[in-house]
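One structure below.
The values are calculated or read from the model by the stated rules, or taken from the named source; none is laboratory data. Everything numeric here is computed off the predicted structure, so don't read it as measured data. Note that we place each Cβ from the backbone using ideal geometry, even for glycine, and neighbour counts take in every protein chain shown. Note: accessible area is taken over every heavy atom of the protein model, side chains too, but ligands, DNA and RNA are not part of it. Shrake-Rupley method; radii C 1.70, N 1.55, O 1.52, S 1.80 Å.
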Amino acid sequence: EAGVTQFPSHSVIEKGQTVTLRCDPISGHDNLYWYRRVMGKEIKFLLHFVKESKQDESGMPNNRFLAERTGGTYSTLKVQPAELEDSGVYFCASSQETRGTQYFGPGTRLLVL
Amino acid sequence: QQPVQSPQAVILREGEDAVINCSSSKALYSVHWYRQKHGEAPVFLMILLKGGEQKGHDKISASFNEKKQQSSLYLTASQLSYSGTYFCGTEMGNDYKLSFGAGTTVTVRA
């Protein structure tokens with residue numbers, strides 16, 4: 001069974017540019033989560049989808065971040081325009097049940113210059 | 001609210017034991033333990049749901065205290081493959097997201 005995949009693995013962009021991160025959850029997992037780890041800090045929750053609906057987006061930093069999950073399969077996280085403080089590792093996780101085990105992807109390392 | 005995880009780092013020789021602690025100021029719904037090796041996805045180790053629970057596999061085990069505010073991860077007779085950063089993720093009763101500790105970097109040397 002394929003695990004959670006994320007694309008790209010690395011992204012280097014300039015301040016003000018737009019970047020879109022993609023996450024493909026484990027097949028059949030209705031729950032999809034986005035987390036972020038800024039250098040030196042803890043992994044922090046961004047948002048949670050149940051199928052295509054946003055269950056909780058309380059961790060989204062501001063309106064420069066937009067997450068979508070059309071069709072309830074893969075999800076994208078767009079940062080527009082990117083700022084220096086957006087640099088970090090963005091993780092995606094999926095689970096079959098809402099309180100089930102969350103399986104993580106390898107993350108996308110974003111560097112904003 | 002992020003849990004407090006300690007120690008920040010530990011260096012072991014093969015065969016030695018270590019304990020990693022994760023604590024919360026409020027009672028938790030569950031605790032999830034993960035291990036991450038550099039550049040890879042965090043790998044799920046185990047989840048604890050019940051106060052007083054202990055579980056484990058191989059030589060890695062964990063406990064959850066009766067008040068459900070503290071969990072410990074035990075690495076017994078450590079192997080080189082145990083090296084990595086260990087994270088505890090805690091879940092409260094009123095939401096479904098995980099809050100993570102700062103991580104514990106474990107280095108096992110031959």
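Structural remarks
- Condition met for B:Ser78 (open to solvent by less than 30 Å² (accessible area, probe 1.4 Å), farther than 17 Å from B:Gln5 by Cα, out of contact with any helix residue (DSSP H, G or I) (no Cβ under 8 Å at 6 or more places or on another chain) and more than 14 Å from chain A (Cβ to nearest Cβ)): yes
- Any hit, the stretch A:12-32, residues being within 15 Å of A:Leu84 (Cβ to Cβ), within 13 Å of chain B (Cβ to nearest Cβ), surrounded by fewer than 17 Cβ atoms within 10 Å (Cβ to Cβ) and out of contact with any Gly (no Cβ under 6 Å at 6 or more places or on another chain): no
- Filter result for the condition that a residue is part of a strand (DSSP E or B), without any contact (Cβ under 8 Å) to a residue 60 or more places away in the chain, open to solvent by 10 Å² or more (accessible area, probe 1.4 Å) and of a type in the set (Val, Ile, Thr), over B:Thr85, B:Thr105: B:Thr85
- Failed item, numbered, when B:Met92 is tested on (1) open to solvent by 10 Å² or more (accessible area, probe 1.4 Å); (2) at pLDDT 95 or above; (3) within 12 Å of chain A (Cβ to nearest Cβ): (2)
- So A:Asn31, is it out of contact with any helix residue (DSSP H, G or I) (no Cβ under 7 Å at 6 or more places or on another chain) and more than 22 Å from B:His32 (Cα to Cα): no
- Of all residues in the stretch A:15-32, those satisfying the criterion of being of a type outside the set (A, V, I, L, M) and assigned to a strand (DSSP E or B) are A:Thr20, A:Arg22, A:Cys23, A:Asp24, A:Asn31.
- Scanning the stretch B:1-20 for residues that are within 14 Å of B:Gly89 (Cβ to Cβ) and part of a strand (DSSP E or B) returns B:Val4, B:Gln5, B:Ile20.
- Candidates in the stretch A:83-101 are the residues that are within 11 Å of chain B (Cβ to nearest Cβ) and in a loop (DSSP other than H, G, I, E, B); of these, the one that is nearest to A:Pro8 (Cα to Cα) is A:Thr101.
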